1. Taking into account only those residues within region 156-185 that are of a type in the set (S, T, Y) and within 13 Å of A11 (Cβ to Cβ), which is most open to solvent (accessible area, probe 1.4 Å)?
2. Select from region 127-147 the residues that are farther than 29 Å from R173 by Cα and among the aliphatic types (A, V, I, L, M) and write down the one among them that is surrounded by the fewest Cβ atoms within 10 Å (Cβ to Cβ).
3. Return the residues of region 19-45 that are surrounded by 14 or more Cβ atoms within 10 Å (Cβ to Cβ) and either touching a strand residue (DSSP E or B) at 6+ places or on another chain (Cβ under 8 Å) or closer than 19 Å to C137 by Cβ (or both); say none if nothing qualifies.
4. Could you check L48 against (1) buried (at least 20 other Cβ atoms within 10 Å of the Cβ); (2) free of Cβ contacts under 8 Å to residues at least 24 places away in the same chain; (3) under 28 Å from Q192 (Cα atoms); (4) of a type outside the set (S, T, N, Q) and say which number it fails?
5. Is it fair to say E114 is part of a helix (DSSP H, G or I) and not hydrophobic (A, V, I, L, M, F, W, C)?
6. Kindly indicate which of D91, D58 is of a type in the set (D, E, K, R) and open to solvent by less than 50 Å² (accessible area, probe 1.4 Å).
7. Might you let me know whether region 130-138 holds any residue that is over 22 Å from V89 (Cα atoms), in a loop (DSSP other than H, G, I, E, B) and in contact (Cβ under 8 Å) with a residue 24 or more places away in the chain?
8. Might you check whether a residue that is open to solvent by 70 Å² or more (accessible area, probe 1.4 Å), in contact (Cβ under 8 Å) with a residue 60 or more places away in the chain and not in a helix (DSSP H, G or I) occurs anywhere in region 148-155?
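The values are calculated or read from the model by the stated rules, or taken from the named source; none is laboratory data. Keep in mind it's a predicted model, so treat the numbers as computed, not measured. Here the Cβ positions follow ideal geometry from the backbone for every residue, glycine too, while neighbour counts run over all protein chains shown. When the accessible area is computed, the model is the full protein with side chains, heavy atoms only, and any ligands, DNA or RNA have been set aside. Shrake-Rupley method; radii C 1.70, N 1.55, O 1.52, S 1.80 Å.
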Amino acid sequence: MLMALEGLPGAGKSTLRDRLLADARTGGVPLDHTGQFSWLSLAATRTLVRLRAGHSSDAPEEAVEAACWDLALHARFNLTPALVRSPVVADRLSLSTACLLALVHRRPVAEYVERLAEQERARPQLTVLLTTGPDLCQARLVGRESAPRFTDRPEAADRLADLYPQAATAWSRCTGLEVWQRPCTTKADLDQLAADCLAHLNGPTRPRHEKAS
């Protein structure tokens, strides 16, 4: 099973990922993890690096093609081999890429979701969208040692906070796959999320109180 963790910078994705890996290791459950991009194509990588820096392309279609090509490579050389061994948690995947494209090129995010969803081998069976508010996300980013990214800026975060729910709706509509939308603001939120995600990774039963969007 492939599970994607999506949301704003500072929403708690990496914290949840690390918690899942630690809990899985403690419980003797195999679990692997991956990132958003494959970085296996030099041409696609150049485009993606520019996108992550907030630079739009003179030919937006080329940016979409680069993202789709990178995702296809990710599925073939990273995701598929890893999924043979164990479930995989991705810290960002297609929804984050679609939101980045929509943010930079100021286009409807659904267009990009539909294009990226065409890479069926890279579709996560479950997407967990962390809906932690932009203000808390910004407060968390202040303590990070890494250099700020384009998407860390308050104006970008506010726009992404609108784009992610739209992307989630478009994803469920065009793929029929689940998206959980939950905050990760407190330790109790994190504990519940980790427990529910591990339960879902280990079997088909969903938490009864959860709603798909």
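1. Going residue by residue through region 156-185, those that are of a type in the set (S, T, Y) are 164, 169, 172, 175, 185.
Keeping just the survivors that are within 13 Å of A11 (Cβ to Cβ) gives 164, 185.
Working: Y164: 15, T185: 63 Å².
Top of the filtered list is T185.
2. Checking each candidate, the answer is A147.
3. We begin by selecting, within region 19-45, every residue surrounded by 14 or more Cβ atoms within 10 Å (Cβ to Cβ); these are 19-21, 23-24, 29, 31-34, 36-41, 44-45.
Passing the criteria: R19, L20, L21, L31, D32, H33, T34, Q36.
4. If we test L48 against (1) buried (at least 20 other Cβ atoms within 10 Å of the Cβ); (2) free of Cβ contacts under 8 Å to residues at least 24 places away in the same chain; (3) under 28 Å from Q192 (Cα atoms); (4) of a type outside the set (S, T, N, Q), just (3) comes out false.
5. Values: part of a helix (DSSP H, G or I): yes; not hydrophobic (A, V, I, L, M, F, W, C): yes.
Spelling it out, E114 is indeed part of a helix (DSSP H, G or I) and not hydrophobic (A, V, I, L, M, F, W, C).
6. Values: D58 fails: open to solvent by less than 50 Å² (accessible area, probe 1.4 Å).
So the residue among D91, D58 that is of a type in the set (D, E, K, R) and open to solvent by less than 50 Å² (accessible area, probe 1.4 Å) is D91.
7. Yes, region 130-138 has at least one match.
8. So in region 148-155, the residues open to solvent by 70 Å² or more (accessible area, probe 1.4 Å) come out as 148-149, 153-155.
Next, only the ones that are in contact (Cβ under 8 Å) with a residue 60 or more places away in the chain stay: 149.
Retained after the next criterion (residues that are not in a helix (DSSP H, G or I)): 149.
Yes: one or more hits.
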